[in-house]
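Reviewing the structure listed below.
The values are calculated or read from the model by the stated rules, or taken from the named source; none is laboratory data. Every value quoted in this text rests on a predicted model; they were computed, and no experiment measured them. As a convention, Cβ positions derive from the backbone with ideal geometry for all residues, glycine included, and neighbour counts pool all protein chains shown.
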Amino acid sequence: MADPETYSAASAALRVAVVEDDAMLRSLLARAIQREPDMAWTGAAATIEEALALFIAQQPELVLLDLRLGQEPAAADGWQLFEQWPESVPPPRWIVVTGQPEAAHLRRALDSGVQGYVTKNESFDVLLAALREVRDGRQYYSVEALKLLMEQPASSPGLEQLTPRERDVLRLAGEGLSMRQAAARLDISESTVKTHRKSLMRKLDLHDGVALARYAISSGLAT
């Protein structure tokens, strides 16, 4: 049997790498990803230095990143990878996978353009959903992450400036529906949903779908 942490060749598959200091979790992630026909395992790293070497050699398209590498007080900060990213390597998409979710990390992830955020107490199915959503160009912040965001006070203006249809679209964003699903629920076109979302972002001074979902939940429009 091949070593689960070696490169699995599949030219059309999503090339995934993991930065995680827990050896058992690295192995479990390797086996889970290798079972997926649309994904290719490119390797794992336990330190910042190993990760940079892996990225240069394999150039993964998506990286699962643990933010705390090693034991305190000498633990490394996974955010260093953003600061030390080699210019010769195309930047990947990122999904943070953490056992200690913090509001400050979530805010930093959003500000840094991190496409996904899941916690380690969620199932592999959640992680696989995140991988495919991010692969397809969307953001994926898990239910646990959104709950943590919900606890933060919203600073956006009120709902009174929104049209009834915009409220519907915002509520469905808070319920986690995609634009296609929202269009089907409201019996309108997907392009119309997209237009309403753009209007919502402009009116509420928000910048992405995760922020819309957070606003809908924190305002009580969605539960």
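Key figures for this structure:
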quantity: Helices (runs of 4 or more DSSP H) enclosed by segment 167-223 - at least 2 residues per element that are among the charged types (D, E, K, R); calculated: 179-186, 190-204
quantity: L148 part of a helix (DSSP H, G or I) and touching a residue at least 40 places away in the same chain (Cβ under 8 Å); calculated: yes
quantity: Contacts under 8 angstrom Cβ, first residue in segment 37-48 being under 16 Å from L25 (Cα atoms), partner aromatic (F, W, Y) and surrounded by fewer than 23 Cβ atoms within 10 Å (Cβ to Cβ), 6 or more apart; calculated: W41/Y7; T42/Y7; G43/Y7
quantity: Yes/no for E190 being loosely packed, with under 15 Cβ neighbours inside 10 Å, outside the structural domain of D111 (by TED's automatic domain parsing), farther than 19 Å from D111 by Cα and modelled with pLDDT of 85 or more; calculated: yes
quantity: Leading residue by the ranking (nearest to L206 (Cα to Cα)) among those in segment 149-178 that are modelled with pLDDT under 80 and surrounded by 12 or more Cβ atoms within 10 Å (Cβ to Cβ); calculated: S156
quantity: Options V143, V169, V126: the member that is within 23 Å of the chain's Cα centre (by Cα), over 23 Å from I33 (Cβ atoms) and among the aliphatic types (A, V, I, L, M); calculated: V169
quantity: Where a residue in segment 108-132 is among the aromatic types (F, W, Y) and its partner, wherever it lies, is in a loop (DSSP other than H, G, I, E, B), with Cβ under 7 Å and at least six apart; calculated: Y117/S142
quantity: Output for segment 79-112, where each listed residue is among the aliphatic types (A, V, I, L, M) and closer than 22 Å to D136 by Cα; calculated: V89, I95, V96, V97, L106, A109, L110
quantity: Residue in segment 47-61 that is of a type in the set (G, A, S) and modelled with pLDDT of 95 or more present; calculated: no
quantity: All positions within segment 160-206 that are acidic (D, E), touching a residue at least 24 places away in the same chain (Cβ under 8 Å) and under 23 Å from D136 (Cβ atoms); calculated: E175
